[in-house]
Structure formats: C-alpha cells, structure tokens
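*Asks:* Quick one: structure below, then a few questions.
The values are calculated or read from the model by the stated rules, or taken from the named source; none is laboratory data. For clarity, every value in this text was computed on a predicted model and none was experimentally measured. Neighbour counts are summed over all protein chains in view; Cβ atoms, including those assigned to glycine, are modelled from backbone coordinates with ideal geometry. In case anyone asks, the SASA skips ligands and DNA or RNA and just uses the protein heavy atoms, side chains included. Shrake-Rupley method; radii C 1.70, N 1.55, O 1.52, S 1.80 Å.
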Amino acid sequence: MRVIIARSGNNETVSYAVSELCRLLKEMDRALVLDVRKYPEFDENLKNTIWVGPDFIDRDEKDRIFIDVKGSVGVISGSNERSVLMAVYRFMKELGCRYLYPGKEGEKVPKRRLDYADLTVKVNETPSYNHRGICIEGAVGYEHVLNTIDWLPKVGMNEYFSQFDAPTEFFKRYYNNFTNDKNDLHYGVEYSDEDAKATSELLLDEVKKRGLLYQTGGHVWIGKALGLSASGWESNAPEIDEETRSLLALVNGERKFKDGIVSRTNLCYSNPEARRRLVDVVVNHAKKNPDIDCLCFWLADEVNVYCECEKCRQKTPSDHYISIFNDIDEALTKEGLPTKIIGAFYLELLYPPKTERLKNPDRFVFDFAPISRSYSHSYDEYDFEKETEYAPYKLNKFEYEKDLLSNVAKLKDWQKQGVTNTYLFDYHMMWDHHNDFGYYSIAKILHRDMKVLDRLGLDGMMSCQCLRVAFPTGLPQYAMVEALWSKEKSFEEIEKEYFSAAYGENWETVRNYLAEISRLCDPEFLRGDREKAPEDIIADANGMRELAASFKAEVLPKIRTSDIEWDYLDLHADMCKYYSDIIEAIATGSEKICQEKYDIYDKFVLDNAEIADSVLDTCFVRGDVWHTFRRVLGIGWFF
C-alpha cells in the first residue's frame with residue numbers, strides 16, 4: 001500500500017514532523033510504501049495525499065492541533081509549527097502508539113498491517129492550559145535531557161526550562177560518578193561550566209528543532225551581576241573586594257555570601273549600582289541569546305537573606321522585585337527586545353507588594369512556586385472562594401508552610417493587583433515521589449492538581465522535577481501531561497491507557513500491586529504529615545516486603561514478557577525489600593539502626609544503577625530516602 005505524504009514550506013520543525021510521521025508509520029507497518037514530497041505551499045490539485053503543515057488553520061502562538069484524514073487523504077495541521085509536530089504524534093496515537101515516558105523504551109508502537117481505511121483520524125483540539133513544561137532537575141547526562149526534550153511534543157508539552165546559564169550542577173551530579181572512577185578515561189578531570197555550555201548548545205538545537213519554547217535563567221542573576229559563576233548551589237564564593245561587598249545584602253550586621261554560596265545570597269536592592277548591574281546582565285543576556293523565548297529572573301534561593309539596611313527596609317522584597325522588573329522592562333524596550341521575563345512567587349516573594357506595580361504587565365509572566373507545600377493534599381480539596389487571612393510579612397522572619405491555603409491566598413492577592421498571567425511551578429517529582437515507592441499515590445495527587453489549576457487562575461504548570469522518573473512506572477508524569485492537555489480526562493482513563501500499553505492484558509494486576517505498595521509505603525507518614533504507632537510502622541513495612549517478594553517470585557514469572565518494563569518491576573521488587581527494612585527501622589527510633597539499613601539499601605541501588613539508568617535517578621533516590629528517615633526521626637532539616 002502506498003501513502004503520499006506532502007509537506008509545505010521549508011520550516012525545520014515541519015520537516016522533522018514529516019520524518020517522525022514516516023518513522024512511526026514504518027515501525028507500525030514495514031510493508032507500507034511511503035511517497036514523501038515537499039512543495040512550496042499547499043497545492044489543491046494534488047489528490048489522495050496527507051498534507052502536513054501549519055497552513056490549514058489560523059496561525060496562533062497558542063497550541064491547537066487539527067487533524068482531518070480519511071482513508072489516507074487529508075491534513076495534519078496545527079496553529080504553529082510546534083503544534084504540527086504535536087498533531088503528527090497525536091495522529092499516530094490515534095492509530096495505537098503510546099509515549100509512556102522519555103526514551104526509546106517508553107515509545108510503544110504496535111506492529112500491524114495497515115490499509116487505507118485505518119488511516120482515518122479526526123481531531124480538533126486546544127489544550128486546557130497554555131503552559132505545559134518541564135524544568136531540569138536531579139542528576140542527568142546528555143542522553144537523559146535529550147530523551148525528555150524528545151518526549152515533550154509527543155505528549156503535548158510545549159516548554160523546556162534549562163536552569164542557570166548552563167545546567168552544570170545537574171550534569172556534574174551525574175558525570176562526576178564517572179570522573180571519580182579510576183577506570184574512566186577522564187578520571188580526575190572536573191566537569192566544568194564550559195563542558196555544560198557545550199552540551200547545552202547541542203540540546204538547544206534539539207529544542208528548536210521541535211519548536212519548543214525555551215526558558216533559561218533562574219537563580220543565576222546575582223552571580224552574573226557580580227561577575228561570578230553561579231551555575232548551581234556549591235559553596236564556592238570567592239574573596240571579593242570591598243566595593244563588591246557593599247552590593248551584598250546586609251543581614252545580621254554583615255554583608256557576606258550566605259554559607260559561601262552565591263545563588264543563596266541577595267543583593268542590597270536599594271543600592272543603585274546593584275540594581276544597574278542586575279538590569280545590565282539581563283539585557284545583555286537577552287541581546288546575546290535571541291533563541292531564548294523567556295528569561296526567568298529569580299532572586300536568592302534561600303529564606304531570610306534580604307537586606308536589612310535602612311533604605312531596603314522601607315520596602316518589602318516584592319516591592320523591590322517589581323521595581324527591578326520595571327527597570328528591566330524599560331531597558332529591554334529601549335533595546336527593542338521582545339524577550340519575556342518570568343518572575344516567581346517564591347518564598348518571601350509569595351507575599352504581594354504593598355506599593356509597586358508593573359508598568360508593562362504584558363512583558364511578564366509569573367510562576368506560583370509553593371516549594372514547601374505538602375503532597376498529602378491536592379488543591380482540589382480547598383474552597384478557594386473563601387477568603388483566607390495570613391500573617392503579615394516580617395523581614396527575615398519567614399517560615400516554611402506546608403499548608404496550601406495561605407499560599408493560595410497570597411497568590412490571589414497578587415492576582416488582585418493585576419498580575420494574572422500566571423502558572424504553577426511545582427515539585428511533585430523532585431523529591432516527594434520517593435516517599436511513594438509505588439508511584440501510584442503521587443500520580444493521583446498530580447492529576448488532581450492539574451485538573452483544578454484554572455480554579456486558581458493558573459494557566460498551566462512547569463514541573464520542576466528529576467528527568468528520570470519512570471521507575472517503577474512513568475505514571476505520575478504521564479498523568480500530569482495528560483491532564484494538562486485535557487483536564488476533563490479522568491485518572492481512570494489515564495491509568496488504563498498507561499498500564500495496558502506497558503503491561504498488556506495483565507495491566508490490572510500490575511496496577512493493583514503498585515497501588516498496594518503505595519498504601520503500605522504510607523507517604524503521608526513519611527512526609528511527616530501524620531503520626532504512626534511503631535507497631536503499625538512495622539506491620540506495613542512487613543506487608544510491603546512480603547508483597548514485593550511474592551510478586552517477584554510468584555506473579556512476575558507467569559505474566560512477564562521480554563519488554564523492559566518487566567525488568568524494572570523485577571529490580572523494583574528487590575529494592576522494596578531494602579526500603580521496607582529502612583521503614584521498619586524507623587519504628588525503633590534509632591538513627592544508628594536506620595543508617596545501617598540505609599547503607600545496605602544504598603549499596604544495592606548503586607550496584608544496580610546501570611539497569612535502570614534511563615528511568616531512575618539514583619543520586620536523588622538515595623539522597624531522598626536518607627532525608628526521609630532523618631526527617632521522620634526529627635533530625636532532618638527538609639522543610
């Protein structure tokens with residue numbers, strides 16, 4: 001059977017969309033004959049063809065997909081080139097493809113013989129939310145980031161955020177495992193900012209090839225304003241002269257770097273020179289990097305480090321923040337630069353300003369980032385129409401809050417001031433997913449949160465997360481992306497779609513097993529959100545250990561196939577044993593016993609790291625479990 005596919009124009013993203021359409025069709029049916037062509041524009045005289053391009057519906061920066069193909073004749077189109085690529089993946093999804101998690105292994109293409117009638121798809125959709133993105137976190141290498149970038153348009157996501165000038169911190173966490181290995185060719189050679197920048201340039205090409213919106217920046221600007229490197233959270237602040245020191249925030253009578261970390265330090269924002277430097281580095285960065293769609297301008301990544309000098313005290317941090325934004329907008333306007341600036345309602349900046357207002361709101365987007373929230377509860381549990389009071393801001397007296405309601409009340413007050421172009425910036429899969437070893441409870445919370453973002457006046461989500469989060473399954477992020485595209489889609493539909501694609505006719509067996517692992521794991525207890533008697537801790541730990549052992553020994557051998565998802569479940573069952581040993585040790589209240597059990601778990605994870613390298617962030621799963629038992633014992637710091 002021959003299928004004619006024609007694209008219009010020379011756009012790189014549309015060209016890539018056609019190549020992906022051809023690749024997936026041929027993977028589905030190797031006998032299919034593809035006749036692929038390029039034309040300057042749509043030619044209505046060319047019959048019996050699938051046309052691919054953005055020329056068939058109204059153009060818009062906001063995504064919309066339009067597919068009208070009957071018997072291999074029609075159009076696959078979108079409101080922009082990125083949407084065309086999304087439409088191609090959606091066309092193939094309607095034919096049975098699934099994109100379960102980043103990486104080739106997560107792409108499921110059913111093998112089948114196609115006829116013309118099979119190539120019939122009709123879709124006309126606009127996503128529920130405009131902002132649908134992932135922000136780099138965790139420990140990653142080039143392949144992991146590329147896998148994520150490649151996955152985003154497959155599941156209808158449109159934004160990628162690479163923190164700092166280059167994400168050195170995240171690459172170092174991964175590649176240092178090799179540079180510290182005497183068998184590695186580059187043993188002893190430190191991974192540098194220059195290495196990260198070279199990799200980032202390559203990855204930016206991949207972002208642009210797919211037409212994705214690209215964000216960068218974050219907690220980098222303090223360092224750039226001082227002429228220092230700030231590509232992470234390392235304690236590496238150098239000695240500085242007194243002129244530079246005068247630009248730092250005065251805290252407890254001293255102007256110094258917080259714990260020696262540049263990115264955790266604020267400036268004296270009433271100091272004209274400090275403000276000028278901040279504005280200059282933002283504008284110069286925008287001029288030198290026209291490929292960047294949005295610059296995220298954040299202040300220090302730390303609490304209670306705002307300047308206490310007499311002039312700075314006259315305004316709240318948010319008033320200083322908005323004032324700097326107005327200066328940045330004025331400078332960008334003068335340069336004729338259209339760059340969007342993204343601010344953050346984060347830590348003290350959750351409190352709205354008292355006097356300052358944005359002069360050009362169209363330049364700015366804000367993310368709502370309640371980093372200390374609890375994931376035991378969803379936004380959908382609260383009555384957001386009810387007025388909620390919160391304690392007034394006090395300089396450098398900020399305390400982390402797990403309660404969502406007071407933070408949402410602050411968001412609403414920001415919105416009352418006209419700051420309405422906002423989206424959620426949240427952390428479900430940065431740390432908390434490792435409190436849920438079945439990945440089932442956190443998947444449900446994520447889905448529930450995404451469904452009600454519009455009730456908060458939020459237009460989407462940037463997920464600040466580990467990029468390797470598909471162990472034992474990728475259900476949490478799959479539930480997130482599906483709900484961001486269609487908030488009407490139920491969790492039941494999503495879990496069936498995911499598990500049946502991953503595990504076939506035995507999907508319910510796997511779903512029920514992982515749901516029970518999540519229950520026995522008891523994430524609410526591990527988060528510190530509720531007390532639990534020692535005998536109940538032991539009972540649930542024993543239950544999880546026995547369930548995992550039974551699943552591995554009795555269930556898996558009967559239902560597994562050669563697909564790698566079953567290998568992950570096999571390894572995960574072993575990990576459950578060591579994890580349950582740690583939880584049981586928590587019941588003793590002994591840090592020493594917990595540490596001993598943790599060390600055994602830690603060694604097992606490291607010894608098996610290569611098996612699940614593309615889906616499990618071994619750096620974070622080890623660190624998060626360590627923090628968990630210390631937090632539950634009352635000796636940890638984590639919020």
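*Asks:* Which number in (1) open to solvent by 30 Å² or more (accessible area, probe 1.4 Å); (2) closer than 30 Å to Met480 by Cα marks the one condition that Glu159 misses?
*Replies:* Checking Glu159 against (1) open to solvent by 30 Å² or more (accessible area, probe 1.4 Å); (2) closer than 30 Å to Met480 by Cα, the one that fails is (1).
*Asks:* Tell me, please, whether a residue that is surrounded by 22 or more Cβ atoms within 10 Å (Cβ to Cβ) and touching a residue at least 12 places away in the same chain (Cβ under 8 Å) can be found in the range 185-196.
*Replies:* Step one: list which residues in the range 185-196 are surrounded by 22 or more Cβ atoms within 10 Å (Cβ to Cβ), which gives 196.
Still in the list and also touching a residue at least 12 places away in the same chain (Cβ under 8 Å): 196.
Yes, some residue in the range 185-196 is surrounded by 22 or more Cβ atoms within 10 Å (Cβ to Cβ) and touching a residue at least 12 places away in the same chain (Cβ under 8 Å).
*Asks:* Please pick out the residue among Ser19, Ser15, Ser77, Ser72 that is over 30 Å from the mean Cα position of the chain (by Cα) and among the hydroxyl-bearing types (Ser, Thr, Tyr). Show your work before the answer.
*Replies:* Numbers: Ser19 fails: over 30 Å from the mean Cα position of the chain (by Cα); Ser15 fails: over 30 Å from the mean Cα position of the chain (by Cα); Ser77 fails: over 30 Å from the mean Cα position of the chain (by Cα).
It is Ser72.
*Asks:* Can you find a residue that is open to solvent by less than 30 Å² (accessible area, probe 1.4 Å), in contact with a Ser or Thr (Cβ under 9 Å, 6 or more places away or on another chain), under 29 Å from Ile635 (Cα atoms) and free of Cβ contacts under 8 Å to residues at least 60 places away in the same chain anywhere in the range 537-556?
*Replies:* Yes, the range 537-556 contains a residue that is open to solvent by less than 30 Å² (accessible area, probe 1.4 Å), in contact with a Ser or Thr (Cβ under 9 Å, 6 or more places away or on another chain), under 29 Å from Ile635 (Cα atoms) and free of Cβ contacts under 8 Å to residues at least 60 places away in the same chain.
*Asks:* When you check Thr355 against the structure, is it among the polar types (S, T, N, Q), over 18 Å from Asn304 (Cβ atoms), at pLDDT below 95 and surrounded by fewer than 21 Cβ atoms within 10 Å (Cβ to Cβ), yes or no? Walk me through how you get there before you give the answer.
*Replies:* Details: among the polar types (S, T, N, Q): yes; over 18 Å from Asn304 (Cβ atoms): yes; at pLDDT below 95: no; surrounded by fewer than 21 Cβ atoms within 10 Å (Cβ to Cβ): yes.
No.
*Asks:* Does any residue of the range 238-246 turn out to be surrounded by 14 or more Cβ atoms within 10 Å (Cβ to Cβ), aliphatic (A, V, I, L, M) and in contact (Cβ under 8 Å) with a residue 24 or more places away in the chain?
*Replies:* Keep residues of the range 238-246 that are surrounded by 14 or more Cβ atoms within 10 Å (Cβ to Cβ), which gives 240, 244-246.
Imposing the further condition that a residue be aliphatic (A, V, I, L, M) reduces the set to 240.
Checking the rest, the ones that are also in contact (Cβ under 8 Å) with a residue 24 or more places away in the chain come to none.
Looking for residues that are surrounded by 14 or more Cβ atoms within 10 Å (Cβ to Cβ), aliphatic (A, V, I, L, M) and in contact (Cβ under 8 Å) with a residue 24 or more places away in the chain, one finds none in the range 238-246, hence no.
*Asks:* Out of all the residues in the range 38-49, which are within 19 Å of Asn10 (Cβ to Cβ) and not hydroxyl-bearing (Ser, Thr, Tyr)?
*Replies:* First, the residues of the range 38-49 that are within 19 Å of Asn10 (Cβ to Cβ): 38-43, 46, 49.
Of everything in the range 38-49, those that are within 19 Å of Asn10 (Cβ to Cβ) and not hydroxyl-bearing (Ser, Thr, Tyr) turn out to be Lys38, Pro40, Glu41, Phe42, Asp43, Leu46.
*Asks:* Another question about this same structure. Of everything in the range 326-340, what is under 30 Å from the mean Cα position of the chain (by Cα) and free of Cβ contacts under 8 Å to residues at least 12 places away in the same chain? Give them in sequence order.
*Replies:* Pro338
*Asks:* As an exercise: evaluate Tyr160 against (1) under 19 Å from His428 (Cβ atoms); (2) assigned to a helix (DSSP H, G or I) and give the number of the one condition it does not meet.
*Replies:* (2)
*Asks:* Which residue, of Gly227, Gly211, is part of a loop (DSSP other than H, G, I, E, B) and at pLDDT 95 or above? Working first, answer last.
*Replies:* Numbers: Gly227 fails: at pLDDT 95 or above.
Result: Gly211 is the single residue among Gly227, Gly211 that is part of a loop (DSSP other than H, G, I, E, B) and at pLDDT 95 or above.
*Asks:* Here's another thing I want to ask about it. Can you report the number of residues in the range 50-81 which are outside any loop (DSSP other than H, G, I, E, B), of a type in the set (D, E, K, R) and closer than 17 Å to Asn11 by Cβ? Talk me through it step by step, then tell me what you get.
*Replies:* Within the range 50-81, the first condition is being outside any loop (DSSP other than H, G, I, E, B), and the residues that meet it are 50-52, 65-70, 73-78, 81.
Filter once more, keeping what is of a type in the set (D, E, K, R): 68, 70, 81.
If we keep only those that are closer than 17 Å to Asn11 by Cβ as well, we get 81.
Going through the range 50-81 one residue at a time, the tally reaches 1.
*Asks:* Of all residues in the range 197-226, which are within 30 Å of Asn11 (Cβ to Cβ), basic (Lys, Arg) and in contact (Cβ under 8 Å) with a residue 40 or more places away in the chain?
*Replies:* Of everything in the range 197-226, those that are within 30 Å of Asn11 (Cβ to Cβ), basic (Lys, Arg) and in contact (Cβ under 8 Å) with a residue 40 or more places away in the chain turn out to be Lys208, Lys209, Arg210.
*Asks:* So, restricting to helices (runs of 4 or more DSSP H) that lie completely within the range 462-534, which ones have at least 2 residues that are open to solvent by less than 20 Å² (accessible area, probe 1.4 Å) and over 25 Å from Ser128 (Cα atoms)? Can you show your working first?
*Replies:* On the way: elements: 475-485, 491-503, 507-521, 523-526.
Here the list reads 491-503, 507-521, 523-526.
*Asks:* Hey, does the range 375-393 have a residue that's part of a loop (DSSP other than H, G, I, E, B), within 30 Å of Ser441 (Cα to Cα) and aliphatic (A, V, I, L, M)?
*Replies:* No, the range 375-393 contains no residue that is part of a loop (DSSP other than H, G, I, E, B), within 30 Å of Ser441 (Cα to Cα) and aliphatic (A, V, I, L, M).
*Asks:* From the residues in the range 394-426 that are acidic (Asp, Glu) and either open to solvent by 60 Å² or more (accessible area, probe 1.4 Å) or assigned to a loop (DSSP other than H, G, I, E, B) (or both), which one is modelled with the lowest pLDDT?
*Replies:* Going residue by residue through the range 394-426, those that are acidic (Asp, Glu) are 399, 401, 403, 413, 426.
Among the residues that remain, those that are also either open to solvent by 60 Å² or more (accessible area, probe 1.4 Å) or assigned to a loop (DSSP other than H, G, I, E, B) (or both) are: 399, 401, 403.
On the way: Glu399: 92, Glu401: 88, Asp403: 85.
Within the range 394-426, the match that is modelled with the lowest pLDDT is Asp403.
*Asks:* Turning to a different aspect of this structure: If Glu41 passes every condition in (1) free of Cβ contacts under 8 Å to residues at least 40 places away in the same chain; (2) closer than 30 Å to His131 by Cβ but one, which one does it miss?
*Replies:* Of everything listed in (1) free of Cβ contacts under 8 Å to residues at least 40 places away in the same chain; (2) closer than 30 Å to His131 by Cβ, Glu41 misses just condition (2).
*Asks:* Sort out which residues of the range 220-240 are among the β-branched types (Val, Ile, Thr) and in contact with a Phe, Trp or Tyr (Cβ under 7 Å, 6 or more places away or on another chain), and write them in order of number. Step through it out loud before you land on a result.
*Replies:* Applying the first criterion (among the β-branched types (Val, Ile, Thr)) to the range 220-240 yields 220, 222, 240.
Matches in the range 220-240: Val220 only.
*Asks:* Now for a different question. Determine which single condition Arg210 fails, assuming it passes every other condition in (1) more than 22 Å from Tyr175 (Cα to Cα); (2) surrounded by fewer than 22 Cβ atoms within 10 Å (Cβ to Cβ).
*Replies:* Result: Arg210 passes all but (2).
*Asks:* Could you list, in sequence order, the residues of the range 557-569 that are free of Cβ contacts under 8 Å to residues at least 60 places away in the same chain and open to solvent by 60 Å² or more (accessible area, probe 1.4 Å)?
*Replies:* Pro557, Lys558, Arg560, Thr561, Ser562, Asp567
*Asks:* Arg98 is checked against (1) touching a helix residue (DSSP H, G or I) at 6+ places or on another chain (Cβ under 9 Å); (2) in contact (Cβ under 8 Å) with a residue 60 or more places away in the chain; (3) open to solvent by 60 Å² or more (accessible area, probe 1.4 Å) and fails just one. What number does that condition carry?
*Replies:* The number of the failed condition is (3).
*Asks:* Six or more apart or on different chains, Cβ under 9 Å: which pairs go from a residue in the range 7-31 that's at positive phi to one that's modelled with pLDDT of 95 or more and open to solvent by less than 10 Å² (accessible area, probe 1.4 Å)? Could you list them?
*Replies:* Gly9/Gly53
*Asks:* When you scan the range 297-308, do you find a residue that is in a strand (DSSP E or B), within 23 Å of Glu330 (Cα to Cα) and of a type outside the set (Phe, Trp, Tyr), even just one?
*Replies:* Restricting attention to the range 297-308, the residues satisfying the condition of being in a strand (DSSP E or B) are 297.
Within this subset, residues satisfying the condition of being within 23 Å of Glu330 (Cα to Cα) are 297.
If we keep only those that are of a type outside the set (Phe, Trp, Tyr) as well, we get none.
No - not one qualifying residue is present in the range 297-308.
*Asks:* Next question. Tell me yes or no: at least one residue of the range 336-343 is touching a Phe, Trp or Tyr at 6+ places or on another chain (Cβ under 6 Å), at negative phi and open to solvent by less than 40 Å² (accessible area, probe 1.4 Å).
*Replies:* From the range 336-343, those touching a Phe, Trp or Tyr at 6+ places or on another chain (Cβ under 6 Å) are 341, 343; that's our starting set.
After this cut, where a residue has to be at negative phi as well, the list is 341, 343.
Filter once more, keeping what is open to solvent by less than 40 Å² (accessible area, probe 1.4 Å): 341, 343.
Taking every residue of the range 336-343 in turn, at least one turns out to be touching a Phe, Trp or Tyr at 6+ places or on another chain (Cβ under 6 Å), at negative phi and open to solvent by less than 40 Å² (accessible area, probe 1.4 Å).
*Asks:* Residues that are closer than 28 Å to Asp150 by Cβ and in contact with a strand residue (DSSP E or B) (Cβ under 9 Å, 6 or more places away or on another chain), at least 2 per element: which helices (runs of 4 or more DSSP H) completely within the range 542-622 meet that?
*Replies:* In the range 542-622, the matching helices (runs of 4 or more DSSP H) lie at 564-586.
*Asks:* Hey, among the residues in the range 142-162 that are within 11 Å of the chain's Cα centre (by Cα) and among the polar types (S, T, N, Q), which one's modelled with the highest pLDDT?
*Replies:* Thr148
*Asks:* Give the number of residues within the range 609-635 that are more than 25 Å from the chain's Cα centre (by Cα) and surrounded by fewer than 17 Cβ atoms within 10 Å (Cβ to Cβ).
*Replies:* 3
*Asks:* If you check Lys603 against the conditions, is it surrounded by 15 or more Cβ atoms within 10 Å (Cβ to Cβ) and either of a type in the set (S, T, N, Q) or without any contact (Cβ under 8 Å) to a residue 60 or more places away in the chain (or both)? Spell out the reasoning first.
*Replies:* Values: surrounded by 15 or more Cβ atoms within 10 Å (Cβ to Cβ): no; either of a type in the set (S, T, N, Q) or without any contact (Cβ under 8 Å) to a residue 60 or more places away in the chain (or both): yes.
Criteria not met by Lys603.
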